[in-house]
Amino acid sequence: MGRLDDIHGPADLKRIPREELAAVSEELREEIIRVCSRAGGHLASSLGAVELTVAMHYLFDSARDRFVWDVGHQSYGHKILTGRREQMPTIRTHGGLAGFTTSSESEHDALTVGHASTSLAAAFGMALARDARGEDYRVLAVIGDGALTGGMALAALNQIGHVKPKMTVILNDNEMSISENVGALNHYMRHLQVKPWVQRAEADGKRAVADLFEPLANLGSRAKDAARRLLDPASNNPFHAMGLRYVGPIDGHDVNEVLYFLEHIDELEGPTMLHIVTRKGKGLPVAESDPITWHGASKFDPTNPVPSGKPYGWSNAFGDAAMQLAEQDDRVWVITPAMREGSGLVAYSKAFPDRYLDVGIAEDVAVTTAAGMALRGEKPIVAIYSTFLQRGFDQVIHDVALEELDVVFAIDRAGLVGGDGATHQGVYDLAYLRAVPNLEIGMPRDAEQMRSMVKAALDLGGPKAVRWPRGSVEAASDAGPDDWMPIEWGTAEVLKEGTEAWILALGPMVDYALEAAADDARIGVVDARFVKPLDEELLLRLAKSGALLVTVEDHNLPGGFGSAVAEFLADTGVNASLLRLGVPDVVVPHGDPKRQHEELGYGPEGIRHAVLSRIDGEARMPIEVGSETSESKAFEPDVVK
Ligand code: HTL
């Protein structure tokens, strides 16, 4: 690959003549395409950030300065330039590189991240820490226009512009979140580019330079050129109004232009926002024309890039059910915080544009908007990933649950999620939702049950959560909602009788339980279906039988389904013996979920072994609740990193 072969770290890049950086950028782009064609990953976002990445590493020192990448999914170029090129084909796989920046992976990764909109607050904190210690390093945050829709980012800007530490905020504006970006700021940024007042600032360039960007004033024609792009400080630019110096918009694919501005901003005091305009998917025509599909790519043939079709999944099943429910009742809405594709809502958004709302990467806003709607008699469904609902927790309690509002939380990606890893694992929602009064929680084991639960949740009213995992599922029948399988809320279902042990499994763990119990008449299987309320009658009956109770959940054990059962048994005073299987108190990184379930002791084999070792008194499983392996530490996959 020419120049890239000689770059083993940022120091090697710095030795390359400046005129060759455009060529280096092209090579880096090809390398990202090559890596993603073999491993999959966040291709389009990383392609859009190539020139920025090269310019930042050329000018600054990521081991000492702090590069804070928002979400961290656009960092493939950064990883390649910081000595991780050889490992890139392992990205997002068991034991391989993480898909996002991760501080334990490299000294060049300033922040462990995966959720959006954190970069500005984190960078702000770093700048304050630097100044408090009288240290001298740069802090640069890179945030996409999508991530800027998050309240955290906007609230951090408000602080940055108030306290005014020296730092650079690079707004990487490609007009896209995962789908088209939304919101008023997004419109404003388009307006900046079509420029009635950018032109005015151009005409007024010298004054802008004098007022705003003094170091450029003496730099001759280049400075004048730059000055044309500066905005009049008296104008109503919101970033300027928030106290940041605003520079841009500039062409983020002209590496010299990016270098030029970064270099000069570096000489200035206080916070500066550099607005760069980029193209998501830049350099791969299919990704440029369809950045949504290529946002997160599966493996592909680089000579003939065709997106691989995704099998029918739980998200599709939800989208289909939501369409039918909205058809039947015109008070049904679906709200998504920027996850239209991932939540299976593309068809719904087209069929019911008036009862579909994408609020941007603003989970808190999604939840409280639903509360507002419910207060006025609408029936909102908040379609949200388990991991992202963490951002809306206060709103679930304060705005929905205390008022007992009719809001349904359709929680996707509940369980281990695979390649996205630690930041995206959906293994905490039961723990935090169980603690919320008035809120009830179910987990179906198939698509038929899922749609019945969502319908029942809407019909019954009150705050309700229905959760399901990532992955494929068999489609439900095409019956209309009136003919969907009725489900009695709060009841479990006995699927297989047993005598000595009962496995109480949640959602798709039911299949594992059936496999584990197959051919053993002593082991019974219950599809628990609800975590709150529990089917107390059934639980009591099973507990009193003297049999071993075994809970299985794809969720963290502290606070999860097993905890709910343990609490119930403790409160009733029944002397039952209980074994809880699930994620012990560890951080689970990226990897293949099925394999991780086995390694954590709750795959079919693990369940069987655990149950038999209890009822037959055999050796115990290596990972057990309460043993020293369950301490809070990173779960080490057995593949060498
Ligand atoms: N909500 C939160 C809090 N965090 C994340 N990461 C998401 C949702 C999901 N998500 C991404 S990447 C992404 C979203 C919404 C779009 C970011 O758009 P941006 O960057 O404009 O900031 P771009 O991709 O370069 O256009 C992931 O989970 C990876």
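The values are calculated or read from the model by the stated rules, or taken from the named source; none is laboratory data. Everything numeric here is computed off the predicted structure, so don't read it as measured data. Backbone-built Cβ (ideal geometry, glycine too); neighbour counts: all protein chains shown. For accessibility, only protein heavy atoms count, side chains too; no ligands or nucleic acids. Shrake-Rupley method; radii C 1.70, N 1.55, O 1.52, S 1.80 Å.
In deg cm²/dmol, rounded to 500, what helix-only [θ] at 222 nm does the chain give when every DSSP H run of at least 4 residues adds -39500 (n - 2.57) and the total is split over its residues? Walk me through the intermediate numbers first.
Working: 25 runs with 233 residues, N = 641.
That comes out to -10500 deg cm²/dmol.
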Exercise. Ignoring ligands, DNA and RNA, what accessible area per residue does the chain give at 1.4 Å, in Å²?
Worked result: 39
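Take the cross-link list K379/K464; K166/K282; K79/K166; K282/K594; K310/K350 and give me the ones stretching past 23 Å between alpha-carbons.
On the way: K379/K464 12 Å; K166/K282 31 Å; K79/K166 26 Å; K282/K594 35 Å; K310/K350 20 Å.
Pairs exceeding the cut-off: K166/K282; K79/K166; K282/K594.
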Exercise. Can you give the angle from 0 to 90° between the axis of helix 151-163 and the longest principal axis of the chain, with both taken from C-alpha atoms, to the nearest 10?
Worked result: 40
Seminar exercise, completed: Between K164 and T491, the two model label points (7 Å from Cα along the beta-carbon direction) sit apart by a distance in nm of 6.8
Exercise. Sorted by mean Cβ packing within 10 Å, highest first, what order do the peptides 328-340, 114-126, 379-391 take?
Worked result: 379-391, 114-126, 328-340
Exercise. Got the relative contact order for the stretch 414-496 handy, in percent, Cα pairs under 8 Å and 6 or more residues apart?
Worked result: 31
Seminar exercise, completed: Which residues qualify? For I250, with a placed amide H closer than 5 Å and at least 5 residues away or on another chain, they are H275, I276, V277
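Taking R0 as 41 Å, what's the FRET efficiency between H191 and A129 from their Cβ-Cβ distance, rounded to 0.05? Display every interim value, and only then the final one.
Details: r = 36 Å, r/R0 = 0.88.
It comes out at approximately 0.70.
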Problem set entry | Gained length - A521 relative to Q390, 0.36 nm times residue gap less alpha-carbon distance | 43.1 nm
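Could you tell me what percent of the accessible area of the chain is made up of carbon and sulfur, with a 1.4 Å probe and every protein chain present?
Details: 12360 of 24740 Å².
Carbon with sulfur: 50 percent of the solvent-accessible area.
Can you give the FRET efficiency for R331 and R15, using 1/(1 + (r/R0)^6), R0 = 56 Å, r = Cβ-Cβ distance, to the nearest 0.05?
Values: r = 64 Å, r/R0 = 1.15.
The value I calculate is 0.30.
Give me the extension gain from D5 to R34: residue separation times 0.36 nm, minus the current Cα-Cα distance, reported in nm with one decimal.
On the way: separation 29, 0.36 × 29 = 10.44 nm, distance 1.42 nm.
Contour length minus the Cα-Cα distance gives 9.0 nm.
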Exercise. Each residue of the stretch 55-71 in turn: what ³J(HN,Hα) in whole Hz from Karplus with 6.51, -1.76, 1.60 and θ = phi - 60°, glycine and Pro shown as x?
Worked result: 5, 5, 6, 5, 8, 10, 10, 5, 6, 10, 5, 10, 9, 10, 8, 6, 6
Seminar exercise, completed: Taking Cα pairs closer than 8 Å and at least 6 residues apart, the relative contact order of the chain in percent is 11
Problem set entry | In sequence order, calculated HN-Hα J values of the stretch 75-87 (Karplus, 6.51, -1.76, 1.60; Hz; x Gly/Pro) | 9, 4, x, 4, 5, 5, 6, 10, x, 10, 4, 4, 8
